[in-house]
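*Asks:* Got a structure here, written out as structure tokens. Questions coming.
Since every read-out is calculated from the coordinates, none of them should be taken as a lab result. The structure presented is a predicted model; accordingly, all values stated were derived computationally and were not measured. Using ideal geometry, Cβ is built from the backbone for each residue, glycine included, and neighbour counts are taken over all protein chains shown.
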Amino acid sequence: MTPLAGCLLVSALLFSIGLAGALTRRNAILVLAGIELMLNAANLNFIAFWRFGPNPEAFTGVMFVIFSIAVAAAEAAVGLALILAIYRHARTSDVSEIAEMRG
Amino acid sequence: MTAGSSQNWIVQNLWLIPAIPMVAAGLVALMKRANRGLAATLAIGSMAVSLLLSLRAFAAALANPMLQVRNVDWMQFGDQWVQLGWLLDPLAAVMLVMVTFVGLLIFIYSVGYMAHDDNFTRFFCFLSLFAGAMLGVVIANSLLLLFMCWEVVGLTSYLLIGFWFQRPAAAAAAKKAFITTRVGDLGLLIGMVWLYSQAGTLLFYGNGNGCLEQRALAAMAAHATVAGMAVSTAIGLLIFCGAVGKSGQVPLHVWLPDAMEGPTPVSALIHAATMVAAGVYLVARVYPLMSGSALEVVAWVGAVTAIFAACIAVAQNDIKRILAYSTVSQLGYMMLGLGVGGVAVGMFHLITHAFFKALLFLGAGSVIHGCTEEQDIRNMGGLRKFMPVTFAAYTCGMLALCGFPLFAGFWSKDAILHSAHGWGISRGPFYLGAIGALLTAFYMTRQMYYVFFGQKRTPAATVGAAAVAVHGATEHAVEPAVSPRPGEVCAVEEPHESPVVMTIPLAILAVFAVLLGFVGTPAWPWFQNFLGGHGVTFDWSGFGEPGLMSLMLTSSLIVMLGLLLGWFFYGRRPIVHPTDEDALEELAPPVFSALAHRLYVDELYSVTVIALARFGAAFASWLDRWIFGGAVRLVAWAVTGVSWLDAGVDRFVVNGGFDEGCRELSRGGRLLSRLQNGRVQTYLSVIAAALVVLGVWLLWGHRG
Amino acid sequence: MGMTVSFLILAIVTLAGGVAAMTLRRLVHCALALAVSFAGLAGLYLNLGADFAGLAQLLVYVGAIAILIVFAILLTRSAETELQKVFSPAGVMGALLAIGVFGVLAWAVLASSAARGAAAAGPAPSSPMREIGFILMQRYVLPLEVIALMLTAAMIGAVILAVREKPLSAASPRSESSRELRA
């Protein structure tokens, strides 16, 4: 197993863990946490490919990860603010109870 | 030259004679408000003018007995012109004068007779129209023109018989007259068409081309047709059919007695003097066409008619019906005269008959008027005290009709009997005619005694109702008393003499009834020679013809015998009650009953001809309703079925399918919308599952 | 062998932290485990030679996002729910799906050329900071500015969303918040 494959497997596992949590937990904040984990797994993928890829001098993977982190920060902020607002409105942060946009 | 040119003027303008009364009829018809004075003036005035013109024509014919003709082009058939025309010859001239003169007198009489009627103006309109049409028949030179005027005469007869059409009996009688004469007219029409095809023209005379002129006659006589007859004979017999209908000869006589439903002036003018004479005139007009065998038929038909009608007249109780059957009988005599003796013999009797029969009818009208609409002779009696003028005139007429010596009828009837006696083919008609003369005298005497002699039997006040009640009680009443005519009610109840306007014409006609015969005596046969077109001289030796004096004596004796028998049965014992049995009835009840029932001719027709017609009508009605109507109904049913199907398809298949589709769509949409349950985790699960599926699929493809 | 021990340990820490974050009952514990996982990831980045990325990870994720999550948990405390049974249908379903996804990804990795590639990897690039700076300002200057804008917008948005409404009578939250802002 090459180092790259190892890294990729780790990231895949991390991704699955994050997915499992996002699908399973009922608290909205934990769903967001699961999503953050998934995002981080993708970042790891980028770094792995940058490191073991053809052209590491271009720092492409790193740049991508930097921007990804920035975006993730913004997204977390907004998402948590949303959760707060919903919590104030619906008195709960249970995702299975907030199902008003249904067909 | 002036005489010639003035003669020529009348020939050129002969058409005025029928035209003026027709125009008067039109004017009267168009009058907005019924103006009696104007209507009567127009009618009588036009008739007077026609009389003057007819006298002018008569003078012209006297001066020039040759036939004069004027033809005009009427309409075009391809490149052929159909011509109409009129002619003036002694025969036409005599008829013109007779028709206009008798017509004028009857018009004047009608002013008094119809004075109480509401439809005075309509009456005079129809009378004028009739006069015009009759005169048209007289002067017609074309069989087509004659036929057209013939039909108008029939029409006006229908209108006048049914003048009081609110009475069902009158309406039925009018229909009967029209339809019966129609049967005869069918023969006339066929003959006319055949004549046209044979001769190429319907003009009687016209520069040698006319159908009664030598060339055409020779051609037609040469052809032989059905039963070996010559074509001219066949055509002549067909034309005679028309005369049989119009003049009431035996098979088609049934309408004449019923025609008495019309007002009395109508009966006098149309059904005594003129219209019925038109048939005789027609035969006289086409005489050149009739060969010996045709004339044989004419003679026999006439003879049979004469005796048949005379027998029935013996047992009638309605004053007008007796005269009607008498008319039928006399018409038979005229036909007999035409058949055995020629045009002059038949026409002489026609002329004299016109006068005395019109006189008799007007007298009967006077009697009816004076008895407040009573027409049954059993309810009259002793009237000679109440109506002396009428009685005197009626006596003249009666004697003339019987053929009493020296009266008009004597000379004319005698001429007929003389010719019949000398007829080579058979003596049968002579004997029939002689017996007929006996019967004529008998029934006229009977009528005289019932009406004018004896005790007064007229019931007072309600005449019609009482008479009906009385007659209903007796067994032998077959001619019920006629209920009062609308509008003819007089104020006075006692029998009274008629007003002057009615008695003057009676007097004038009486004079003619007595004197007219003298124009045709054997000593001075002016009439016969006038018709024949040559001059005449007074010659007593005319009486010296072999057999003539003995025949005159014989016929006089027959008349006396008839009068005697009449006195024997009816004159000796005065008739006291209206319900008394007739003297003849006491003698031979079954015979009297059969005669009173008119020898059941109407009943025979009813079960044969009329039943056939009714069956045909019923069959046609069935055909129309079930077959043709059924076809129509079938089509309608099919169309309805198709439209019902179409509606069903539209409602269930098209709309239903569409509705179903929409419903499925919304159901599908509702189903799909349940996918969106508003839970984020569900969405994420779906994405993850889709990712798995996609990945497996891609990787599977890249294996190996 | 390409996989050094340090790599292994860091991986285990990260994964354990992740599992803990997703399965622990109390929320705060979850948040802290999440922070541990983030830190493990930062270590992995450093291990792989991405210095700037690792440190940025530490600064942002551990230092800001994890804290944010803790704050959020604390602010939404009263409605804390019990963790549902692990073997509930939804839980089983989620787990199965996750296993499925991992299976697919692992399969992809193992079947690809990465697994069969050369064992050796190149040396880590040296002194990346200077290069990163240059690249950031030259090549990636537009994304940089956009990111700045985006962060500004996110900040403003988050503030607007989370600002506390004054308790008034029956008024819609939206109009409330806008009235707040104007005031």
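*Asks:* In deg cm²/dmol, rounded to 500, what helix-only [θ] at 222 nm does chain B give when every DSSP H run of at least 4 residues adds -39500 (n - 2.57) and the total is split over its residues?
*Replies:* On the way: 29 runs with 465 residues, N = 704.
Result for chain B, helices only: -22000 deg cm²/dmol.
*Asks:* Also: Treat each spin label as a single point 7 Å out from the Cα along the C-beta direction, and report the A:ASN55 to B:ALA29 distance in nm.
*Replies:* 12.2
*Asks:* For B:TYR196 and B:GLU664, compute 0.36 nm times the residue count separating them, minus their Cα-Cα distance, and round to one decimal in nm. Can you show the working numbers first?
*Replies:* Values: separation 468, 0.36 × 468 = 168.48 nm, distance 8.62 nm.
My answer for the length gained is 159.9 nm.
*Asks:* Right, here's the next one. Among the lysines, which have Cα under 23 Å from the Cα of B:LYS456 when same-chain residues fewer than 8 positions away are ignored?
*Replies:* B:LYS320, B:LYS385
*Asks:* Taking R0 as 60 Å, what's the FRET efficiency between B:VAL654 and B:ALA171 from their Cβ-Cβ distance, rounded to 0.05? Working shown, then result.
*Replies:* On the way: r = 62 Å, r/R0 = 1.04.
With R0 = 60 Å, the Cβ-Cβ based efficiency is 0.45.
*Asks:* Also, quick follow-up: Please tell me which of these pairs span more than 23 angstrom C-alpha to C-alpha: B:LYS176/B:LYS413; B:LYS32/B:LYS246; B:LYS246/B:LYS357; B:LYS176/B:LYS246?
*Replies:* B:LYS176/B:LYS413; B:LYS32/B:LYS246
*Asks:* At a Förster distance of 45 Å, what's the computed FRET efficiency of B:VAL511 paired with B:LEU155, Cβ-Cβ distance as r, to 0.05?
*Replies:* 0.85
*Asks:* Counting only other chains, and only Cβ atoms inside 10 Å, what mean value do you get across the residues of C:23-33? Each step should come with its number before you reach the end.
*Replies:* Details: counts 6, 1, 0, 0, 6, 0, 0, 6, 3, 0, 1.
Per-residue shielding by partner chains comes out at 2.
*Asks:* Kindly rank C:155-164, B:269-278 from highest to lowest mean number of other beta carbons found within 10 Å of each residue.
*Replies:* Averaged packing, sorted descending, gives the order B:269-278, C:155-164.
*Asks:* Shielding by partners for B:330-341, please: the mean number of other protein chain Cβ atoms within 10 Å of each residue's Cβ.
*Replies:* That works out to 0 on average.
*Asks:* Mind ranking B:630-638, B:147-155 by how tightly packed they are, going by the mean number of other C-beta atoms within 10 angstrom, highest first?
*Replies:* Averaged packing, sorted descending, gives the order B:147-155, B:630-638.
*Asks:* Which peptide among C:51-63, B:317-329, B:423-435 comes first, and what is the full order, when sorted by highest mean count of other Cβ atoms within 10 Å?
*Replies:* Per-residue mean Cβ counts within 10 Å order the peptides as B:317-329, C:51-63, B:423-435.
*Asks:* Could I ask something else about it? With each label point set 7 Å from Cα along the Cα-Cβ vector, what nm distance links B:ALA636 and B:VAL591?
*Replies:* Using points 7 Å along Cα→Cβ, the separation is 6.4 nm.
*Asks:* Further, regarding this structure: Report the trypsin sites (Lys or Arg not before Pro) located in segment B:368-397 that are in a DSSP loop and have at most 11 other Cβ atoms inside 10 Å of their Cβ, or state none.
*Replies:* On the way: sites: B:ARG378, B:ARG384, B:LYS385; in loops: B:ARG384, B:LYS385.
Passing sites in segment B:368-397 are B:LYS385.
*Asks:* Provide the per-residue ³J(HN,Hα) series for segment B:663-677, in order, calculated from phi with Karplus coefficients 6.51, -1.76, 1.60 and θ = phi - 60°, each as a whole number of Hz, with x at glycine and proline positions.
*Replies:* Result, ordered by residue: 4, 4, 4, 5, 5, x, x, 4, 4, 4, 5, 6, 4, 8, 9 Hz.
*Asks:* Once you sort the root eigenvalues of the Cα gyration tensor of segment B:17-74 as a ≥ b ≥ c, which label holds: rounded (a/c under 1.5), prolate (a/b larger than b/c) or oblate (the other case)?
*Replies:* Since a/c reaches 1.5 but b/c is at least a/b, the shape of segment B:17-74 is classed as oblate.
*Asks:* Can you tell me the orientation of helix B:388-402 relative to chain B, as the angle in degrees between its alpha-carbon axis and the longest Cα principal axis, to the nearest 10?
*Replies:* Between the helix axis and the principal axis of chain B, the angle is about 90 degrees.
*Asks:* How tilted is helix B:463-473 with respect to the longest principal axis of chain B? Cα atoms for both, answer in degrees (0 to 90, nearest 10).
*Replies:* 90
*Asks:* Separate question: Under 14 Å from the 7 Å Cα→Cβ point of B:LYS456, by amide nitrogen: which residues of segment B:346-387?
*Replies:* B:370-372, B:380-387
*Asks:* Let me ask you something else. What is the angle, in °, between the Cα long axis of helix B:428-452 and the longest principal axis of the Cα atoms in chain B? Nearest 10 is fine, range 0 to 90.
*Replies:* 90
*Asks:* Residues of C:40-46, mean number of Cβ from any other protein chain within 10 Å of their own Cβ, rounded to a whole number?
*Replies:* Details: counts 2, 9, 1, 0, 9, 8, 0.
Per residue, the average neighbour count from other chains is 4.
*Asks:* How much FRET efficiency would the formula 1/(1 + (r/R0)^6) give for C:PHE134 and C:ARG164, where r is the Cβ-Cβ distance and R0 is 56 Å, rounded to 0.05?
*Replies:* It comes out at approximately 0.80.
*Asks:* Could you tell me whether segment C:1-82 comes out rounded, prolate or oblate from its Cα gyration tensor? Rule is a ≥ b ≥ c as square roots of the eigenvalues, rounded for a/c under 1.5, then prolate if a/b exceeds b/c, otherwise oblate.
*Replies:* oblate
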